[in-house]
Structures are given as C-alpha cells and as structure tokens.
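> Quick one: structure below, then a few questions.
The values are calculated or read from the model by the stated rules, or taken from the named source; none is laboratory data. Just so it is clear, the structure is predicted and the values come from calculations on it, not from any experiment. Using ideal geometry, Cβ is built from the backbone for each residue, glycine included, and neighbour counts are taken over all protein chains shown.
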Amino acid sequence: MMAQDLYRLIYLSNNEITGGNAIIQQEIGQILTISRLRNAAVGITGALMFNKNCFAQVLEGPHDQLQETFERIQCDPRHSNVIILNFETMQARHFTQWSMAYVSQEAADSEQFAKIQKDSGFDPNQLTGERIYDLLHVQFTGSRKKQS
Ligand code: FAD
C-alpha cells in the first residue's frame, strides 16, 4: 500500500447507551468485538476512548475503507453528535498493532484520562484531535511523539 493512501480520522461523540455499568460494559464489549473483526478485515487500526458521557475515537487506514467504516459508525444510535476533530493523510500508522485499542475510565492511566476530562469537560471547543490523539498514543505505544 502506498503511504499516501493512509488517512487518520479523529472524532468525538456523545454516549447514548443508558443503563447500569453492566449494560454499558456489555454494549461496549459488543462494539469492540465487531470493530476488531471488521477493522482487521479492511485494514483499519485505531483506538477508542469512553467515559460515561462521550466517546472519542482515532481511526486510521486507506481512504475508502475508512470512509465506509465511519459512515456506519456515524449512523449508530449508541452515540450522537459525532464531531470530526481531525481528518488528514498520514505517512505511517501509529496504532499498528491495534484493530481497535480501548481506554475506559478504569484504564491504568486513569489519572491522565481524568485530567483531560477535567481540563476540557469533553467540551469539543476545548478538546482537540491532537490532544485525544496524544492521550491514546501514549497509552498504547508509550510514546508521545507524533511521526506523521
Ligand atoms: P449491523 O450489526 O447489521 O446493525 C445494523 C444497525 O444497527 C447499524 O446502524 C448499527 O450501528 C446498529 N446497531 C448494531 N448493534 C446495535 C445495538 N446493540 N444497539 C443499537 N444499535 C445497534 N464498527 C466498526 O466496524 N469499526 C469501528 O471502529 C467501530 N467503532 C465504533 C465506535 C463507536 C463509538 C460505536 C458506537 C460503534 C462503532 N462501531 C464500529 C460499530 C458500528 O457502528 C456498527 O454497528 C458495526 O460496524 C456493524 O455494522 P453493520 O452495518 O454490520 O450493522
């Protein structure tokens, strides 16, 4: 695959899954299972972040497959107000090993996660794609460096 075929998309959305923790965990589990299967099949990698109110997701892959996947995601009633924070070409993938990595509130790095929530309240005006990207990237690769 040519490097210039690669795109990165970062979005933020409101959670619409209601119910107790068990129900939410079950729904998220289903989202991750289908995501990992379908993403692996079409060469999409990335990471998903969840808190009670919001999702944030980084998707990377070839343009057409990314667009197709994102169109499905946008229609999903389990979230709403999907706002694209970033969509650009990239030289190389950053979540190479992850068809869909996951950060929950209970993640080991919850201190950092809590800080980002506190700083922004997940307000899209405050939260940039770069910030989400950095948080997810450091979580899964141990590196803050962006090499796009
Ligand atoms: P089907 O499974 O045939 O479902 C048909 C419709 O019902 C779809 O609109 C689907 O969104 C919706 N639906 C399915 N299950 C439920 C449910 N339990 N409750 C309510 N509605 C439901 N998919 C990926 O392939 N890759 C991803 O990276 C990815 N990330 C996601 C991130 C978030 C935050 C969310 C909410 C969903 C994500 N999904 C992802 C799931 C995606 O939205 C589709 O549900 C999934 O890809 C299956 O698509 P389908 O057309 O086969 O739908």
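> Just to be sure, is Gly20 more than 8 Å from the ligand (Cβ to nearest atom) and without any contact (Cβ under 8 Å) to a residue 24 or more places away in the chain? Working first, answer last.
Working: more than 8 Å from the ligand (Cβ to nearest atom): yes; without any contact (Cβ under 8 Å) to a residue 24 or more places away in the chain: yes.
Taking the combined requirement at face value, the residue satisfies it.
> Restricting to region 25-66, name every residue that is over 18 Å from Arg93 (Cα atoms) and part of a helix (DSSP H, G or I).
If the condition is that a residue be over 18 Å from Arg93 (Cα atoms) and part of a helix (DSSP H, G or I), then Gln25, Gln26, Glu27, Ile28, Gly29, Gln30, Ile31, Leu32, Thr33, Ile34, Leu37 are the ones that fit.
> Restricting to region 42-55, and then to whatever is more than 9 Å from the ligand (Cβ to nearest atom) and of a type outside the set (D, E, K, R), can you tell me which residue is surrounded by the most Cβ atoms within 10 Å (Cβ to Cβ)?
That would be Ala47.
> Looking at (1) hydroxyl-bearing (Ser, Thr, Tyr); (2) within 15 Å of Ile10 (Cα to Cα); (3) near the ligand (Cβ under 9 Å from one of its atoms), which one does Tyr102 not meet, given that it meets all the others?
Here Tyr102 clears every test but (3).
> Here is a further query. Which pairs have Cβ atoms under 6 Å, sit 6 or more apart or on different chains, and link a residue in region 53-78 that is modelled with pLDDT of 95 or more to one that is among the aromatic types (Phe, Trp, Tyr)?
Between residues of region 53-78 that are modelled with pLDDT of 95 or more and residues that are among the aromatic types (Phe, Trp, Tyr), the close pairs are His63/Tyr7; Leu66/Tyr7.
> What number goes with the only condition from (1) part of a helix (DSSP H, G or I); (2) within 8 Å of the ligand (Cβ to nearest atom); (3) buried (at least 16 other Cβ atoms within 10 Å of the Cβ) that Arg72 does not pass?
Against the list (1) part of a helix (DSSP H, G or I); (2) within 8 Å of the ligand (Cβ to nearest atom); (3) buried (at least 16 other Cβ atoms within 10 Å of the Cβ), Arg72 comes up short only on (3).
> Tell me the residue from Ile83, Ile34 that is farther than 17 Å from Asp134 by Cα, within 12 Å of the ligand (Cβ to nearest atom) and surrounded by 11 or more Cβ atoms within 10 Å (Cβ to Cβ), please.
Numbers: Ile83 fails: within 12 Å of the ligand (Cβ to nearest atom).
Exactly one residue qualifies, and that residue is Ile34.
> Give me a count of the residues in region 86-116 that are crowded, with 19+ Cβ neighbours inside 10 Å and at pLDDT below 60.
1
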